[in-house]
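Since every read-out is calculated from the coordinates, none of them should be taken as a lab result. Since the structure is predicted, the reported quantities are computational estimates derived from the model, not experimental observations. We place every Cβ from the backbone using ideal geometry, glycine too, and count neighbours over all the protein chains shown.
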Amino acid sequence: MILQDPEFGDVIVRKNPLSSSVRFSISTSGKLQMSVPKYTSNFLLKRLLNTNRELIKNSLPVNNPKTQRARDEKKKILTNQAKKYLPYRLEYLAKLYGYEFDKCRLTHANTRWGSCSSNRTISLNIGLMQIPEKLRDYVIIHELAHLNHMDHSNAFWQEVGEHDPHYKEHRKKLKMFSPGV
Ligand SMILES: [Zn+2]
């Protein structure tokens, strides 16, 4: 069953005939989960939650619904900005340096700024809208160069360097940012 809590949002309650005490954990979806003995009343459930509130907050990475909502909102804004900018910037730089790609996809992965697949689709992370333009262009040039070199060989880096002479510095600076929203 699900319990509504003003602070934690949905709390997943698992009534376990084998357990004799309460145990708090985090579900795979980031929600607070409590495992309790089978005949725990709703009244007791709420009291257990209240008496353990501080402990839960200090020891578990609970997804606060407020922060979650703020993150969703930010993602929406970034996606809108990215839609209006990234495909056009990609097209512009591709034309400027003589590349032909097939498709541009927008992503919001937490780990990658961009990628280039063998079917000439270039994926760009919406998080690019949050970093300086020079670094953003470096990522785009990097992915464009993958159209000719599907690896990070010397020939690849040489090509990146032709279009972004400061790529080494940009690459280093990029590590200070994370693509996650
Ligand atoms: Zn690469």
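With unit charges on the beta carbons (Lys and Arg positive, Asp and Glu negative) and the dipole taken about the Cα centre of the chain, which residue among PRO87, PRO61, TYR138 sits farthest to the positive side?
My answer, from the dipole projection, is PRO61.
Do the alpha carbons of any pairs in LYS103/LYS173; LYS15/LYS46; LYS84/LYS134; LYS75/LYS134; LYS83/LYS168 sit beyond 26 Å of each other, and which pairs?
On the way: LYS103/LYS173 28 Å; LYS15/LYS46 14 Å; LYS84/LYS134 18 Å; LYS75/LYS134 22 Å; LYS83/LYS168 28 Å.
Cα-Cα > 26 Å for LYS103/LYS173; LYS83/LYS168; rest within.
How big is the gap, in Å, between the Cα center of region 4-58 and the Cα center of region 164-181?
Using only Cα atoms, the two centres lie 42 Å from each other.
By the scheme Lys and Arg +1, Asp and Glu -1, what is the net charge of all other residues having a beta-carbon under 14 Å from that of LEU174? Please report the intermediate quantities before stating the final value.
Values: positive: ARG112, LYS134, ARG136, LYS168, ARG171, LYS172, LYS173, LYS175; negative: GLU133, ASP137, GLU143, ASP164, GLU169.
Net charge around LEU174: +3.
With a cap of 13 neighbouring Cβ atoms within 10 Å, and only residues DSSP puts in a loop, list the GluC sites (Glu not before Pro) found in region 18-119. Can you show the working numbers first?
Details: sites: GLU54, GLU73, GLU91, GLU100; in loops: GLU100.
Listed in order of number, the matching sites are GLU100.
Need one number: nm distance between label points at ALA109 and ILE26, each 7 Å from Cα along Cα→Cβ, rounded to one decimal.
The answer from the label model is 2.2 nm.
What ranking of SER20, SER27 emerges when the number of other C-beta atoms within 10 Å of each C-beta is taken as an exposure proxy, fewest first?
Working: SER20 9, SER27 13.
Fewest-to-most ranking of SER20, SER27: SER20, SER27.
Going by how many other beta carbons lie within 10 Å of each one, how would you line up TYR39, TYR99, fewest first? Don't skip to the end; give the middle numbers.
Numbers: TYR39 8, TYR99 20.
So the ranking, lowest neighbour count to highest, is TYR39, TYR99.
Assuming R0 = 35 Å, what is the FRET efficiency of SER59 and LYS15, from their Cβ-Cβ distance, to the nearest 0.05? Mind showing how you got there, number by number?
Working: r = 23 Å, r/R0 = 0.64.
After rounding to 0.05, the efficiency reads 0.95.
Need one number for region 3-71: average projected area of the convex hull over its C-alpha atoms, nm². Don't jump to the answer; show the numbers that get you there.
Values: hull surface 18.5 nm².
Result: 4.6 nm².
Tally Lys/Arg at +1 and Asp/Glu at -1 over every other residue whose Cβ is under 14 Å from the Cβ of LEU144; what's the total?
Numbers: positive: ARG89, LYS95, LYS103, ARG120, ARG136; negative: GLU91, GLU100, ASP102, ASP137, GLU143, GLU159, GLU162, ASP164.
That sum, taken over residues with Cβ under 14 Å, equals -3.
What Kirkwood hydrodynamic radius, in Å, does the chain give when the mean of 1/r is taken over all pairs of distinct Cα atoms and then inverted? Intermediate results must be reported in sequence, preceding the final value.
Numbers: mean 1/r = 0.0511 Å⁻¹.
For the chain, the Kirkwood estimate is 19.6 Å.
I'd like the orientation of helix 154-163 relative to the chain: the angle between its Cα long axis and the longest Cα principal axis, in ° from 0 to 90, rounded to 10.
80 degrees
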